[in-house]
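Taken together, the values in this text are just the output of simple stated rules run on the coordinates, not laboratory data. Predicted model, so just to flag it, every value in this text is computed and none were measured.
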Amino acid sequence: MIDEVRTLLDQYMNWLRDKTALRQIGNYVEITTPYLDRHNDYMQIFVKKEGNTCILTDDGYIMHDLEQGGCKMDTPKRQELLNITLNGFGVEQREGALQVRASSENFAARKHSLVQAMLAINDLFYLAVPVEARLFYEDVVNWLDATQIRYAPSVKFTGKSGYDHHFDFLIPKSRTRPERILQTINRPNRDMALTTAMAWIDVRDTRPPKALAYAMLNDTEKRVPGVVLDALQNYEIKPVLWTERKEVQEELAA
């Protein structure tokens, strides 16, 4: 099994490398990543050398796009959610731009953190949709509380690669069940499934033996594609449709 997972991980790294493009723009290098935003456009970041370090930034794209889409971070709750997301990835916001500073030693890890923060904040657009008056994450929190499932929210683990990965919930080990990681995916698609899978593969061996991973998928508005379910299962993550959450209540509460 370990050889199979290693092959899958190699395939992912090759895909990431092949789908990344570079272009010089003045003092900056534009990096086009293979990750898609809500418009199905490839996300881009910009790198500028500054002394012995590099500045990596989205040049304000994510925050500007949210505002253009009607999702302004103009309430205390949204600001709190934004700050929690940024802090979880170690990313700062400067004049509307998401930004990290990196050295040659940690460039890959810091680039990874910036892209993951961009994806997470891009997902906040759905706060602007009236039918989703409450964020899916909050629905999951309310369900965990109501069913008395013990959890620690917003945890971060360092994987074998040295990259940090953020997960929404950690359910601690009990007498009968191992440690469980629970990630919420508000818009289940191939990219989000792959991102979750790669994070789990990277941290799995650093967690206690027999630790398990679950992905809670929002299927209230549309059916979750079969390719998403297959991708998660192939990487040993148990997909849970929100409408079928009662099926895992007992194993999460144990």
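A few points about this structure:
- Based on C-alpha pairs under 8 angstrom that are at least 6 apart in sequence, the chain has a relative contact order of 12 percent.
- Using alpha-carbon coordinates, inclination of helix 76-89 to the longest axis of the chain, degrees: 80
- Computed from phi, the 3J(HN,Hα) profile of the stretch 148-165 under the Karplus parametrisation 6.51, -1.76, 1.60 (θ = phi - 60°) reads 6, 8, 6, 7, 10, x, 6, 10, 10, 10, 9, x, 4, 6, x, 7, 8, 10 Hz, with x in place of Gly and Pro.
- Alpha-carbon gyration tensor eigenvalues x 5, square-rooted, for the chain, Å: 30, 23, 17
- Shown in residue order for the stretch 241-254 are the 3J(HN,Hα) couplings computed by the Karplus curve 6.51 cos²θ - 1.76 cosθ + 1.60 at θ = phi - 60°: 6, 4, 6, 10, 4, 4, 5, 10, 4, 5, 6, 7, 7, 5 Hz (x for Gly and Pro).
- By the compact-protein rule of thumb, 2.2 N^0.38 Å, the alpha-carbon radius of gyration of the stretch 52-118 corresponds to a ratio of 1.15.
- Relative contact order, whole percent, for the stretch 136-253 stands at 24, derived from Cα pairs under 8 Å and 6 or more residues apart.
- Of all aspartates and glutamates in the structure, the ones whose alpha carbon falls short of 17 Å from that of Lys77, not counting any fewer than 8 places away in one chain, are Glu67, Asp123, Glu132, Glu138, Asp139.
- Applying 0.36 nm per residue to the separation of Glu50 and Glu244 and subtracting their alpha-carbon distance, the gain on full extension is 64.8 nm.
- Kirkwood Rh in Å, taken over all unlike Cα pairs in the stretch 8-105: 15.2
- Tilt relative to the chain, helix 190-204 - C-alpha long axis, 0 to 90 degrees, to 10: 80
- Over the stretch 136-253, volume per residue of the alpha carbon convex hull, in Å³: 96
- By the helix-only formula, in which each DSSP H run with n ≥ 4 contributes -39500 (n - 2.57) and the sum is divided by residues, the chain has a 222 nm mean residue ellipticity of -12000 deg cm²/dmol.
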